Amino acid sequence: MPRLRQVPRDSADDYARKLYTALFGDRDPVAQPGTATGADAAALATAQGAWGAADDAGATIFRFGADGRFLMAEAKPYLEATQEQSGGELGWFDLDTRTGRLSTLLELDTNLTSGTSHPGEGDPALSIGDTAIGSAGFSLPRLRDDRTSDPTSLVGLWALNSPTDLSVAHLAFFANGRAMFLTQEADADCLGRSAPGECPPGVEYASYTWDAATGTVVFNLLDGESTLSGGQRLLHYDTNGCGGLFETCATAVANGQEDRSTTIVLTLAADGRSATTTRGNGTIFTLYRVPTRGLGAVAVLEDTYVRAEFPNMVSGNDAMVVLYRDDNEEIIPLYRFPVQQVTESFTRAYLNLALLGCPAGRGETTQAEVYRVTGDWNESTVSWTSRPGIDFSENWGVTRFVASPIGSPSAGFVKIDITSLVRAWQEGRFPNHGLALDRRLSSGPDCNFHSAESSAQRPFVSLE
Ligand SMILES: [Ca+2]
Ligand SMILES: [Ca+2]
Ligand SMILES: [Ca+2]
């Protein structure tokens with residue numbers, strides 16, 4: 001994966017400088033991020049997290065990530081006169097805090113004129129506050145209070161298979177017994193035999209019950225439909241057809257397989273920050289609770305591993321990263337996380353690595369230690385021969401974990417407290433060239449972790 005460096009105005013070429021002036025005025029966007037409206041970066045930092053509200057007939061959620069990345073989704077009856085329907089938007093958000101005017105750049109828009117896509121001249125000014133975003137027309141609170149909310153409650157926003165990617169499917173549970181499921185990708189063949197276009201991106205709105213003792217969640221789709229002028233049926237509360245939790249597309253109806261009720265078993269992690277559910281074919285899905293406030297997680301920028309036995313091998317594009325050490329062989333993982341972008345306060349920072357498994361693992365306990373990388377590197381070129389310096393005189397975190405065999409269902413996340421290293425980088429005590437894993441204080445089998453190139457469960461740093 002190529003990495004783009006931010007170029008300050010002083011180092012930019014003439015063309016880039018002209019662009020900077022057109023977009024940002026006199027300001028250097030590297031030193032002072034945000035667009036021409038200046039104060040917006042602070043508003044967008046405040047916005048980070050999850051917002052939402054629901055009533056019996058509808059719901060709205062917003063999620064803001066870093067630098068104005070956002071999604072919104074809403075459930076509502078179809079309004080033919082104004083062309084609004086249940087659906088979502090995904091893209092980039094900016095707010096001129098002087099005028100309260102918002103502007104968005106959308107890569108996905110499934111709610112027609114609803115949402116942020118059709119701002120009007122007379123729209124009331126929008127403001128982003130610490131406890132609500134809103135205008136004269138509406139006010140949307142933060143979805144829940146993570147500090148006081150019960151970790152065993154489902155209420156909140158959850159993202160499927162990635163804590164940091166806003167483009168994945170999302171599931172919101174509300175305190176009033178309603179739930180909203182958002183899909184943001186068309187599924188070409190979601191039913192196995194559906195016609196093209198029967199599983200578009202869209203939103204579902206349902207009632208739910210949750211049995212905390214067994215983990216059983218029962219979803220029931222809300223009723224409501226219209227017949228469009230072309231004769232097609234439009235379900236108000238399922239706009240992704242046979243995608244999502246409910247199969248309501250024409251093929252399913254024709255085959256007598258329409259499905260308006262779904263039951264899943266959701267196993268909540270002890271800290272309430274993630275949950276897993278297993279599909280019939282054995283696939284495990286992980287849901288990550290989106291922090292109500294702040295980013296909550298920083299995705300890996302690049303990762304690789306370097307191997308003494310194959311000193312010129314470059315592994316930056318592998319879907320996994322390998323850790324190993326004995327008398328004859330050493331394999332060192334390297335990771336880089338852009339933790340400088342974190343502006344909110346945090347108490348602890350944890351490195352989270354999903355264990356793929358340990359090929360020769362027999363369930364013994366092993367460990368990984370974190371060391372500081374002292375020189376620059378690039379995953380697309382670095383090998384054992386060209387590896388950066390690593391300071392092995394001090395480890396910044398150690399964790400013990402079970403060396404589960406490959407494919408073992410018990411292989412989970414290996415979580416290492418790296419708070420002091422993240423603080424050292426943020427305070428400028430060391431340049432952030434990333435971190436290395438090693439196992440110098442113990443022995444154990446070689447263990448494989450999902451990498452940034454893995455289809456799911458990529459490495460991330462979580463903030464608590
Ligand atoms: Ca829209
Ligand atoms: Ca559906
Ligand atoms: Ca990589």
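Taking the stated definitions as given, is G134 within 14 Å of T60 (Cα to Cα) and modelled with pLDDT of 95 or more? Before the answer, list the steps.
On the way: within 14 Å of T60 (Cα to Cα): yes; modelled with pLDDT of 95 or more: no.
Criteria not met by G134.
In the range 413-464, what residues are more than 22 Å from E394 (Cα to Cα) and out of contact with any strand residue (DSSP E or B) (no Cβ under 9 Å at 6 or more places or on another chain)? So that I can check it myself, show each step before the final result.
At the first step, the residues of the range 413-464 found to be more than 22 Å from E394 (Cα to Cα) are 413, 445-460, 462-464.
Passing the criteria: only S455.
Assuming V265 fulfils every condition listed in (1) of a type in the set (A, V, I, L, M, F, W, C); (2) over 30 Å from D145 (Cα atoms); (3) surrounded by fewer than 20 Cβ atoms within 10 Å (Cβ to Cβ) apart from one, which condition is it?
(2)
Each row is one residue, and each column tells you yes or no for (1) within 16 Å of ligand 2 (Cβ to nearest atom); (2) within 25 Å of F346 (Cβ to Cβ); (3) within 21 Å of the chain's Cα centre (by Cα).
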position	(1), (2), (3)
D96	no, no, no
L108	no, no, yes
A125	no, no, no
I128	no, yes, no
S135	no, no, no
F138	no, no, no
R142	no, yes, yes
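Could you tell me whether the range 155-174 includes any residue that is touching a residue at least 12 places away in the same chain (Cβ under 8 Å), acidic (D, E) and farther than 18 Å from G115 by Cβ? If you could, list the steps in order and put the result at the bottom.
Initially, the range 155-174 is screened for residues touching a residue at least 12 places away in the same chain (Cβ under 8 Å), giving 155-174.
Keeping just the survivors that are acidic (D, E) gives 165.
Next cut, farther than 18 Å from G115 by Cβ only: 165.
There is at least one residue in the range 155-174 that is touching a residue at least 12 places away in the same chain (Cβ under 8 Å), acidic (D, E) and farther than 18 Å from G115 by Cβ.
What number of residues within the range 370-396 satisfy the criterion of being free of Cβ contacts under 8 Å to residues at least 24 places away in the same chain and either of a type outside the set (S, T, Y) or within 16 Å of ligand 3 (Cβ to nearest atom) (or both)? So that I can check it myself, show each step before the final result.
So the first thing to find is which residues in the range 370-396 are free of Cβ contacts under 8 Å to residues at least 24 places away in the same chain, and the list is 386, 389, 391, 393-394.
Right, trim to either of a type outside the set (S, T, Y) or within 16 Å of ligand 3 (Cβ to nearest atom) (or both) and you get 386, 389, 391, 394.
So the answer is 4.
Which pairs have Cβ atoms under 7 Å, sit 6 or more apart or on different chains, and link a residue in the range 215-235 that is closer than 21 Å to L245 by Cα to one that is in a loop (DSSP other than H, G, I, E, B) and basic (K, R)?
From residues that are closer than 21 Å to L245 by Cα, the pairs are N220/R260; L221/R260.
Go through (1) assigned to a strand (DSSP E or B); (2) at pLDDT below 90 and name the single condition D10 misses.
Result: D10 fails condition (1) only.
To keep it simple, each residue is scored yes or no on (1) among the charged types (D, E, K, R); (2) surrounded by 15 or more Cβ atoms within 10 Å (Cβ to Cβ); (3) over 23 Å from S345 (Cα atoms).
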| site | (1), (2), (3) |
| --- | --- |
| S408 | no, yes, yes |
| A411 | no, yes, yes |
| I418 | no, yes, no |
| A424 | no, yes, no |
| E427 | yes, no, no |
| H433 | no, yes, no |
| D438 | yes, yes, yes |
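The values are calculated or read from the model by the stated rules, or taken from the named source; none is laboratory data. This structure is a prediction, so every number in the text was calculated from the model and none was measured. Every residue, glycine among them, receives a Cβ derived from its backbone with ideal geometry; neighbour counts consider all protein chains shown.
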